[in-house]
Amino acid sequence: MSLQRFILKRTLSIIPIMFGVSVITFGMFHLTPGDPVTQLVALNPDVSAAEEAALRERWGLSGPVWEQYLDWISNVLVGDFGLELQTGREVSDIVWSRLPETIALGLFGWAFALVIAIPAGIYAAINKDNLGDTISRFLALSGISIPNFWLGLMLILIFSLYLGLFPVLAPSRQSLLSPEMLWYLILPGITIGTASAASIMRVMRTSMTEELNKEYVTAARAKGLPERTVILKHVLRNSLISVVTLAATLTASIVAGSVVVEVVFNWPGLGREFIDAINQREINVVMAITLFTGFFVILANLVADIVYAALDPRIRYD
Amino acid sequence: MPSRHNSSDSNRQINRRNVIATIGAAGAASLAGCGGQSGGDGSDGGDGGDGGDGGNLFPLDVQLEVNADNSDRLQMVELIAESMEQTGYFNTTVETYEWNTYVGRVLDPEYQNNGFIPCIGLSGTFNPGSFSNALHHSTNIGACCNLNGISDPEIDELMDSARYGVDVAEDADLRAERYDEVWNYLAEERYSSITHFNLATSVSNTDLHGFEMWPFQDGMYSYNMFAPQDEQIMWVDRDNAAGDSELSDLSEGGTLSLAFGANIESFDPPHSSDTTSTLAQNFLFESLTDNDAQGNVYPWLAESYELLNTSSIERIAYADYMSTVGTTEEGAIDTDEQVVMQHPEDSPAEDDEVRVLLPDDATAAAEDGTFGMQYRYNLQEGVEFHNGDELTADDVVATYEYVENSVLAPQTFDSLLTAVKVDEYTVDLYAQVPDAEAERELPGLLILNASQIEAVEKGNIDPREGNLPVGTGPYEFAEFEDAQYYEVTKFDNYWTEQKGVSEAFSWFDGSDEFPDGPVIDGFEVEIVPDNSTRSGALQNGEIDSTYGLNTSTLDDFKSSEEFLVYGVETGGYEYIQYPVNVAPFDDARLRQAINHLIPRERIVENVFSGYGRPAWTPIPQLAQGSGTADADALEEELKPMNEYNVERAEELLEQVAADN
């Protein structure tokens, strides 16, 4: 199978997966009890049963579930995610307006993870089993174990409240790329990237250790190549294969982590909107963000597969 | 679906005993000196054999139900359950449910047959009926929030006669007396037990002067910026610390930064009912009348108002004016127009056609002289909107029409019949039936600008849609970034400043020093949903004032010299309701006994860290203005019936046992 055919095949496989995601997404929100009408009507003595039924009808929440699904999915396919029920705003507008914020935060966290993890992994592998390695492994384990909402609160407590280095609230009225914003992004970026950094560092260390034991390394050294060239030119390149795929799949955890981190740091992205929407029972918004996130994660996995295949030709013939 | 934690009975009991042990220890100190309380000795007293003597009825299995996501409420119910259990007369179980499941469950009309005791929280208003009707009126069975099917014609009649009818509409004293009858009747019958009233809190740094809590969160900043009815005004002074600021210290100018706890969902007043949206809108818009902290009504955009006519009619009298419309399969009325009123005898769920009063029918009826009440509002002249238009009767009528089919429609058309323009500066508002709440409820809408209403699609007054909100309020819209921040700046042509406060309000009899309008130049509002983040921003000096912080952090702010914590009793309350239609709960003595076992003081002190008030009467301070003839007398009368009293409870339970 050629690379092109492999890419085509993997890309087409998105269709049934996305269909599954849409069914699960829709099912989750329609099989759980309570809809926005219940929420609106529940504790309001002034709404009569007839008014409640009228609301359901107007918001497309009456009729059998499969019919509601077909209505919904046929609109989604043409990019119409419906309206936010209580305010009547376009859901797609909401998602698009929040997306840049989440992408900025995610990219920052991801970049932080890579910048920290790769050198740390290399260092740990080269200095295997000595003190530096032990410390970095301990930090990696902590990084994976610490829940990010707690880490976020601790960073705020220490760096904002005690040391006064960062504001607690994101500077408003600033463009996303202004220096103030980038300075502010540091704490949430660290929070969101820490767990990923820890995983990447561990994989980097393992694969690097493995590569270092291979014969070509011994051969390169025997040839009299400087150690620096051996590591950076030969070993690093080969050990990066697994890191690249991991880094791509980790975008999923970064996206998921953004929900909590955005709430703690008051970052106006998709994650915070998601929480707001859940609390308001705004199903259209929740479904749109879920679907969008699902799509994004599937896409990231696809990219990982393709990059992996491109880096390691053997994978295509599996 | 019941939550998983009911799977092991023994575990839960141990947990509950732990809760009570911890709380009991803490509670002992705070309760010392409270006469009649035997908080501490319940733990080993009352237990034991005497429960078993009464034959087969006791110990009685009782299931209390609560939503799991509210840990305070759950803890409160656990306390009540434990308190019941310790008498030896009850075997209690506490079931928890996810919120939406729970609401669906308790609002099901069949729920009353289960024999469970549900607990839920509601928020009341200045209307005293909001503390009795939702819980007890038979029309609210299967709706909010007569959960256990209380259907007592006598209490229905009492509550109706306190609100509806020419006599109470015209005589506030009579109305207060009627409500006193309601409270006394309910105390005897004891269908529900209100446990406590919530306290709303806000925290500010000492740069903010002259701040007082308003009993409803959605008005807390608008009330404080300028409320001549209570001579209430706040100002910013960053050089002197607030504490006992006097009006003479007042300084003008400055910008106040606030943090709201949620995004502003809508700037379109009748198309939103959430607290934060109203909080934001209240800077920009005003109503025909305003309230003081006791709920008394003061003319505002209306220079004056009067009740012109009252006629003793019931809703059936509108039958001749009604239109006939179809219904849908789901039981909805099939019309795009606002249903002002349904024919009392028709049911959209069962009939193919129903008779309803549509807006045009309502106006026709009013013009024919068919109405319950006619209030006439004489508008202030020379009130300018932010877009330069002058306020006229057309704006008021357009506003009332704009409410049709909005989120606020159900509560508006609960009492409103129609709004009719009389002349350029005069509007009549009609009530459907003689209604003592009409004076407060009819003029309650925020007045919008007629030309804006004409220009925008319904519900789209929103900067996100490119339509900046236009009101008559003291601040005008400046900037809004969705989910991030919101800014308002002082409106230069604000009408009370043009006229002067004593000219604008003929009722104003306050100090000469009281300013003619708000003195703060502008508000910058950050939108910060997370409580801890809001609290951090306040500590870090990034905002001046916020609200709704976790009670655990309030103590830190309280002990700090740089911050002031404000609290006020609100209309929010929680209650449990007895399954009166299931034996043995049909016996009022059993319900009274359980009521005596509710440790109200401990609940407030320990579950809510003191941020609440035990419900010795069923109405909080804010509803006492029209809800009782004498609040102190009422409390004196009812408090003994609501106090924690194990001996009295056991006496009652013995009587119940003896009769079974």
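Some points to look at:
- The convex hull of the Cα atoms of region A:86-202, projected and averaged over all directions, covers 9.5 nm².
- Considering only A:Gln174, A:Gln280, A:Gln86, the mean-square fluctuation computed in a Gaussian network model of chain A, springs between alpha carbons under 10 angstrom, is largest for A:Gln174.
- Taking amide H as placed 1.01 Å from N in the peptide plane, B:Leu417 has its amide H under 5 Å from the amide H of B:Tyr430, B:Ala431, B:Gln432, each at least 5 places away in sequence or on another chain.
- Taking every residue in B:472-480 and counting other chain Cβ atoms within 10 Å of its Cβ, the average works out to 0.
- Annotation for A:Leu31 and B:Ala319: the two label points, set 7 Å from Cα along the Cα-Cβ direction, are 5.0 nm apart.
- B:Glu212-B:Ala588 pseudo-label distance in nm [points 7 Å out on the Cα-to-Cβ vector]: 3.9 nm
- Near-label residues of region A:48-84 by backbone N, under 12 Å of a point 7 Å along Cα→Cβ of B:Asp336: none
- Rel. contact order, % - alpha carbon contacts under 8 angstrom, at least six apart, chain B: 22 percent
- Inter-chain Cβ neighbour average for residues B:536-546, partner chain, 10 Å: 4
- Phi-based couplings in Hz for region B:586-591 (Karplus 6.51, -1.76, 1.60; Gly and Pro marked x): 6, 8, 4, 5, 5, 5
- Estimated buried accessible area (total), pair B and A, 1.4 Å, Å² to nearest 100: 3700 Å²
- Amide hydrogen neighbours beyond the local backbone of B:Phe285, cut-off 5 Å, H modeled: B:Gly473
- Kirkwood estimate for region B:326-415, i.e. one over the average of 1/r between Cα atoms, Å: 15.5 Å
- 5 angstrom amide H check on B:Gly610, placed H, neighbours 5+ away: B:Glu605
- Per-selection Rg to Rh, region A:18-172 - Cα, Kirkwood hydrodynamic radius: 1.16
- Listed peptides B:296-305, B:203-212 by packing density, highest first (mean Cβ within 10 Å): B:203-212, B:296-305
- Sorted peptide list for A:15-25, B:112-122, criterion being average Cβ within 10 angstrom, highest first: B:112-122, A:15-25
- Karplus (6.51, -1.76, 1.60) ³J(HN,Hα), θ = phi - 60°, over region A:60-72, in Hz, Gly and Pro reported as x: x, 10, 9, x, x, 4, 4, 5, 4, 5, 4, 4, 5
- Percent of Cα-Cα distances greater than 17 Å, calculated over region B:439-533: 66 percent
- From the Kirkwood radius over Cα pairs of chain A, Stokes-Einstein at 25 °C and 0.890 mPa s returns a whole-number translational diffusion coefficient of 109 µm²/s.
- Couplings 3J(HN,Hα) for region A:73-89, derived from phi with the Karplus relation 6.51 cos²θ - 1.76 cosθ + 1.60 (θ = phi - 60°), are 5, 5, 6, 4, 4, 9, x, 9, 8, x, 10, 5, 5, 6, 10, x, 7 Hz, where x marks Gly and Pro.
- Reciprocal mean inverse distance between Cα atoms of region B:531-586 - Kirkwood radius, Å: 14.3 Å
- For the protein assembly as shown, the Cα-based Rg and Dmax, in that order, read 31.9, 109 Å.
- Relative contact order computed over region A:148-270 (Cα-Cα under 8 Å; 6+ residues apart), in percent: 36 percent
- Net charge, B:Gly571 excluded, C-beta distance under 13 Å - Lys, Arg +1, Asp, Glu -1: -2
- Over region B:439-538, relative contact order from alpha-carbon pairs under 8 Å, at least 6 apart, %: 21 percent
- If you take the alpha carbon atoms of region B:132-254 and fit the smallest convex hull around them, that volume is 168 Å³ per residue.
- Whether region B:229-329 is rounded, prolate or oblate, judged on the alpha carbon gyration tensor where a/c under 1.5 counts as rounded: oblate
- With the highest mean first, a sort of the peptides B:593-605, A:283-295 on other beta-carbon atoms found within 10 angstrom per residue produces B:593-605, A:283-295.
- A prolate overall shape is assigned to region B:97-177, the ratio a/c of its alpha-carbon gyration tensor axes (a ≥ b ≥ c) being 1.5 or greater and a/b exceeding b/c.
- Per-residue mean of foreign Cβ neighbours for A:263-269 is 5 (Cβ atoms of other chains, 10 Å radius).
- Volume of the Cα convex hull of chain B, divided per residue and given in Å³: 166 Å³
The values are calculated or read from the model by the stated rules, or taken from the named source; none is laboratory data. These figures come from a predicted structure and were not determined experimentally. So basically every Cβ, Gly included, is an ideal-geometry build from the backbone, and we count neighbours across all protein chains shown. When the accessible area is computed, the model is the full protein with side chains, heavy atoms only, and any ligands, DNA or RNA have been set aside. Shrake-Rupley method; radii C 1.70, N 1.55, O 1.52, S 1.80 Å.
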